[in-house]
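Note sheet for the following structure.
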Amino acid sequence: MFRGARRAMPRALQALKTGKSGVDAHGFHRAYSGFLMLRQSILHSALLRCTVHSSTWPGIIRRGGVNMNKNVAGVDIPDGVLARAAFEYVRGIEPELLLHHALRVFLFAALIGCKEALAFDIELLYVSALFHNAGLNGRYAHSPNRFEIDSANAAREFLRRHRADESATAQVWTAIALHTTPGIPEHMPPLVALLSAGVQMDVRGARYHEFIAQQRNDIVQAFPRERGFKTKLIEAYARGMEHRPETTFGTVNADVLDRWDPDYRRLNFCGLVLGSEWPH
């Protein structure tokens, strides 16, 4: 119904412009306002119905002293062997700030995938979300890589230890490696697109109003955004990258160090071109 209405609107607009619609401008705008209200109603209805199941057992999961609702905002938290192992590993290397962020990313991403009727592996999405900031950990304090690459490599090593399929492992690696690169993930397979979308939602509120308040509240209640989360997240990124500033070139990470470090000077692409060894 929604798709049909959406396709019909450009035709109606064209008819109005050419005078063939038989409807004056006032009447058309009233009809268009009604369409927008209908679209919003359908969207909210779809979100309310959106459930993502990974198993059939309701209740509470207790992991490492952390009580986790089995289902949050209609999404079942994966509870298989791989999912449990991934959670325990990441819980051991990340502060609660980043762990809760990762879990919210998973939930937002899963809901987007459900709303858009995408085919994706929910357990792989869960692992991708858990590991996407692993490269900010202190064990990578001397790494020359972008933190996204260290995160992707950590996930790949974990999946290989658990004998995961190489194709699935490659998908997870790609999703994590590209999650901060704007304009590309949304044109790639669902796992890649959804991880990026989930991150963007939790970090900067992208698509915020596509979620109903109940969903946002349920997710934040389950995995809280602690007071000062925005500033603390920027600090976590900065501390994970301040020893490798050159890796931020051409990425949003340069914005982080630009705000965090008064001595940071970002590389400029035009400067590199004009200052190269080529004579002209």
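The values are calculated or read from the model by the stated rules, or taken from the named source; none is laboratory data. This is a predicted model, so every value here is computed, not measured. Please note: Cβ atoms are built from the backbone with ideal geometry, for glycine as well, and neighbour counts cover all protein chains shown.
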Review point. Taking only pairs six or more apart or across chains, which ones have beta-carbon atoms under 7 Å, a first residue in segment 154-172 that is without any contact (Cβ under 8 Å) to a residue 12 or more places away in the chain, and a second residue that is β-branched (V, I, T)?
Key: R160/T169
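Each row is one residue, and each column tells you yes or no for (1) under 15 Å from the mean Cα position of the chain (by Cα); (2) polar (S, T, N, Q); (3) surrounded by 15 or more Cβ atoms within 10 Å (Cβ to Cβ); (4) assigned by TED's automatic domain parsing to the domain that holds L111.
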residue: D165; (1), (2), (3), (4): no, no, no, yes
residue: E226; (1), (2), (3), (4): no, no, no, yes
residue: M241; (1), (2), (3), (4): no, no, yes, no
residue: T251; (1), (2), (3), (4): no, yes, yes, no
residue: D263; (1), (2), (3), (4): no, no, no, no
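Of all residues being among the hydrophobic types (A, V, I, L, M, F, W, C) and buried (at least 24 other Cβ atoms within 10 Å of the Cβ) in segment 125-141, which is nearest to the chain's Cα centre (by Cα)? Just the residue, please.
A129
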